[in-house]
Each structure stands twice: as C-alpha cells, then as structure tokens.
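Here the structure is laid out as structure tokens; the discussion comes afterwards.
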Amino acid sequence: MTDQMERNEEIKSLYMEHVNPALMRLVAFMGYDVIEDHSSGSHVWDNLGNDYIDCLGGFGVFSVGHTHPKVVEAVRKQLERMPLSSKVLLNEPYARLARKLSEITPGDLKYTFICNSGTEAIEAALKLARLKTGKHGFIYTERAFHGKTLGSLSITGREAFQQPFRPLIPGTKMVPFGDADAIAKTIDDDIAGFVVEPIQGEGGIHIPPDDYLPKAQEICRENGVMFIADEVQSGLGRTGKMFACDHWGVEPDLMTLAKALGGGVMPIGAVIGTPSVWEVFEENPLIHSSTFGGNPLACVAALAAIEVVEEENLCQRATVTGEKIISSLRRIKDEHPDVITDIRGKGCFIGIEFSDSDIGGLMISALAAKKVLVAFMLNDHRILRVEPPLAIDDNDIDRLLASIKEAIVEVGDIVATLNS
Ligand SMILES: Cc1ncc(COP(=O)(O)O)c(C=O)c1O
C-alpha cells in the first residue's frame, strides 16, 4: 500500500471513529472515499492524483470556479492586513459589499445584513419579516429547501427532515410550488411572510410558470405580507441572470444569498432588504447580530466574486453552457426513456430526473468511477444535480456528457440484470 493509500485509510477510520460513521458508509458507497487534495477552475484532485470534473460545485458554491485567482488574491491581501473585524470600528469591506449588493439586486433592495451561511440568512429574513409586520406565521412551498436550523427547517418542505424535530416554529403553512392562488387562499391575519426559491433547487430544479412569481408578489403586497426570495442557491449568475428573480422582473422585500457569494473561497450569507424593512433596526440596531458575520475576509471574497461574475460575463456563459448541456441531456433522455424521465434547468442549474432514486444512486457511483463529481438533490433523490462552475470549458462539458452517456448504459445493464 502506498503512503497516500495509507493516508486514505487513516482518514476513513477517523471519519468512522470521530465524525459520522453512517455518513462515511454513504460516501464509500458513492465511491467518494478518497481525500480531496487541491482544486482549480472546474477540477478537483484527490490525494492519489485523480482529476475530477466538479459538476456538483459544492451544492452551488463554486459558480466562479475553484480557487479563482482574483478571489484568492483579495482574501490573501485581507488576511495579511486584518482577517476579522474588531466589531466596533467601521468595517470597510462590509460597507462596500453592502453598496454593491444594493446596486445589483432588483427593485428597492438597499440594506444588507451579513452572516455566515444560507440558513442564517433565512433565519435573519424570518426575524426581520416578523418585526416588520408584527405577525408570526410563514407560507412556504412543497419540496422547498431553506436550511436545517430550526426556523429554516420549519419552512423546508421535506417530511423526513422536519418530522424528528417537531414541534417546529408555529404558524407555518405549506402550499404547492407554482400555484399563486394557493398563497392567496392560505394567507390569514397572522402571516408575516411568503418564502420562496424563485427556481426550486433541492426540491429537484423546478421552474415555475411565468406568471407565478409576479402574482405571488402582488398577493403579498395586497395583504401586507413580506415577499422573501431565497436566492441562496440560484443567485450570482447560476440561472443565466444575476438573480433568478430577474427572469420574471420581481422585486422582493427581502432576498437571501450565500453559497456562490463567497467566491468558492469563504463562507458567507446575506439578507438584503428594502428601506421600509430596515426601519425595524431603528428601535434597536442590535436586535439581530452575528459575531463572525460580515468578517472582512468573507466580504472581500464576495466583492471579488461579484466582479468576476460581471467581468467574465458569467450570466451569459451560464445561459449558453446550460443550453448546450440541457439539449445534449435531452438527446440522451430520448435514447433512454425508461431510465431518464425528465431534464429540467435554467442556465447551469440543471437536474436529471431518473425513474427511481436507486437509479440516481447507481448513477452517482458510476460517475464517481469516471471521475465526475455529482450528487442528488436533498429533497428528491431521483434527481441528479448538474451544477458546474459557470465558466466550465467545452472539453470538460464533452467529458461530462460522454461520462453520463456511458454511465446510463452501465446502470441500465445493472437494472436489467436485477429485473431479469
Ligand atoms: C435555497 C437554499 N436556501 C438555504 C440553504 C441553506 O444554506 P446553508 O447550507 O448554507 O445553510 C440552501 C442549501 O442548500 C439552499 O439551497
């Protein structure tokens, strides 16, 4: 056994002994039981020197790619000057990022609170909506994913995640995604906000009818309900526009961001709100806060990431690349209608729906063997996500598509053998 293989065995046993044995077994089943070593652009290398195309993208984190030089340089410079904030003196990167976000987000969004993750951004949005309206409840959508802390979990539409933790926050009501009338029917006197992913991610890449979000916004405005867009996964160019909301011209009262905002280098979350929402801080500016939120390292990473999206035309590239991947996947689907039931996507936010979740699982293992990183969607395991860095090049796209084609044939053979 080589030194590197021994290292792998040691880390696997550390996972078994000290991290999460069940997770370790799952990772081993998928064929991902090697140590990640370094990364660049659309590629990740393991400690044995294997080169993977990253089409999982850290669940949507690596939109500008891995270790983008501009983001790394911004973080390195800040690291040497002042990595964390004193929390009392003025934090320049925070202020500059907040201004930039107000420039690129739709409508009246102007003020930003920065935290460290997507679920924290959702928690902040829920609290701000309650403060602004004086009401308590929330409407959310079936199959939605907004995070796993208690507040976010209360509006995450998957029974398997919610059930073990009940009672969750009271007054939440689930409606079908894509049905604006259902929102109108469900609103009562105590609903503070309607929370929605403009394009559902973890639920399986669901794109709503064109009139859904405009109508939902109108219904919220008419009823004094905060319209909260969760762009944690769809934001920053992933869907071919800076924000998925921009496809339908909607202007939320609150928008949450995270994942790609950190440029693939730093963790960060943000909630951006209108001046009207931000009035709630007048009485107590510390009514919501975070020790590490808005740290200068994360803020300079986010500023650099937004500049990369703009300078490298990543929205347009996501559109062109996404169309190429989606049309090729649809041709593959036509050849394997029993295995693939649907291909959905906008930009590089793409899902392949298999006829059942076991096939999805087998596909992950088959693709891992071909050194392509993918994963299923957290709220629907029949759907494999394809979320590459937005600047993925043609060679890598061809390798991805060829690998999917081969993997489907292999998995189809296994399924046929099992059924015979
Ligand atoms: C739309 C959406 N909101 C919120 C979250 C939670 O983000 P985090 O895992 O950073 O807490 C996710 C994570 O996948 C997400 O996709």
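When both residues are 6+ apart or on different chains and their Cβ atoms are under 8 Å apart, which pairs have a first residue that lies in region 43-59 and is of a type outside the set (S, T, N, Q), and a second that is within 16 Å of the ligand (Cβ to nearest atom) and assigned to a helix (DSSP H, G or I)?
Listed by first residue and then by second, the contacts come to GLY58/LYS259; PHE59/LYS259.
Output the qualifying pairs, or none if there are none: Cβ atoms under 6 angstrom, residues six or more apart or on different chains, first residue in region 138-157 and within 7 Å of the ligand (Cβ to nearest atom), second residue assigned to a strand (DSSP E or B).
Note: pairs meeting the criteria are HIS146/ASP230.
For region 74-91, indicate whether the set of residues that are under 26 Å from PHE227 (Cβ atoms) and over 23 Å from the mean Cα position of the chain (by Cα) is non-empty.
no
Considering each residue of region 104-138, count those that are assigned to a helix (DSSP H, G or I) and either farther than 20 Å from ALA244 by Cα or out of contact with any helix residue (DSSP H, G or I) (no Cβ under 8 Å at 6 or more places or on another chain) (or both), and give that number.
13
Need at least 1 residues that are in contact with a Lys or Arg (Cβ under 8 Å, 6 or more places away or on another chain) and surrounded by fewer than 24 Cβ atoms within 10 Å (Cβ to Cβ) per element, so show me which helices (runs of 4 or more DSSP H) inside region 203-317 make the cut, counting only ones lying wholly within it.
275-278, 296-311
Only residues that are surrounded by fewer than 17 Cβ atoms within 10 Å (Cβ to Cβ) and under 21 Å from ALA260 (Cβ atoms): list them for region 80-101, please.
Answer for region 80-101, where residues must be surrounded by fewer than 17 Cβ atoms within 10 Å (Cβ to Cβ) and under 21 Å from ALA260 (Cβ atoms): ARG96, ARG99.
Which of the residues that make up region 102-123 are crowded, with 24+ Cβ neighbours inside 10 Å and not β-branched (Val, Ile, Thr)?
LEU109, PHE113, CYS115, GLY118, GLU120, ALA121
In region 163-201, how many are outside any strand (DSSP E or B) and either aromatic (Phe, Trp, Tyr) or at negative phi (or both)?
26
Within the group LEU101, LEU89, which residue is in a helix (DSSP H, G or I) and modelled with pLDDT of 95 or more?
Checking each option against the conditions leaves just LEU101.
Within the group LEU378, LEU367, LEU401, LEU384, which residue is buried (at least 22 other Cβ atoms within 10 Å of the Cβ), in contact (Cβ under 8 Å) with a residue 40 or more places away in the chain and in the same structural domain as CYS55 (by TED's automatic domain parsing)?
LEU367
Out of (1) touching a His at 6+ places or on another chain (Cβ under 6 Å); (2) buried (at least 23 other Cβ atoms within 10 Å of the Cβ), what's the single condition that is false for LYS127?
Result: LYS127 fails condition (2) only.
Restricting the search to region 117-130, which residues are more than 8 Å from the ligand (Cβ to nearest atom) and in contact with a strand residue (DSSP E or B) (Cβ under 9 Å, 6 or more places away or on another chain)?
Hits for region 117-130 are GLU123, ALA124, ALA125, LEU126, LEU128, ALA129, ARG130.
What pairs come out if I take residues in region 214-235 that are hydroxyl-bearing (Ser, Thr, Tyr) and pair them with residues that are crowded, with 21+ Cβ neighbours inside 10 Å and part of a strand (DSSP E or B) whose C-beta lies under 7 Å away, six or more apart or interchain?
SER234/PHE349
Which one of the conditions (1) farther than 23 Å from GLY360 by Cα; (2) surrounded by fewer than 12 Cβ atoms within 10 Å (Cβ to Cβ) does GLY41 fail to meet, given that it meets all the rest?
(2)
Yes/no matrix, rows are residues, columns are (1) closer than 22 Å to GLY345 by Cα; (2) of a type in the set (Lys, Arg):
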site: GLY157; (1), (2): yes, no
site: ARG166; (1), (2): no, yes
site: GLN200; (1), (2): yes, no
site: GLY203; (1), (2): yes, no
site: LEU213; (1), (2): yes, no
site: GLU222; (1), (2): no, no
site: HIS247; (1), (2): yes, no
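I want to confirm something. Restricting to region 46-79 and keeping residues that are within 16 Å of the ligand (Cβ to nearest atom) and aromatic (Phe, Trp, Tyr), which single residue is surrounded by the most Cβ atoms within 10 Å (Cβ to Cβ)?
Here the residue is PHE62.
State whether the residues of region 267-274 include one that is more than 15 Å from the ligand (Cβ to nearest atom) and either in contact with a Ser or Thr (Cβ under 9 Å, 6 or more places away or on another chain) or in the same structural domain as THR105 (by TED's automatic domain parsing) (or both).
yes
The values are calculated or read from the model by the stated rules, or taken from the named source; none is laboratory data. Please read these numbers as outputs of a predicted model, since none were measured by experiment. Every residue, glycine as well, gets a Cβ built from its backbone with ideal geometry; the counts of neighbours run over all protein chains shown.
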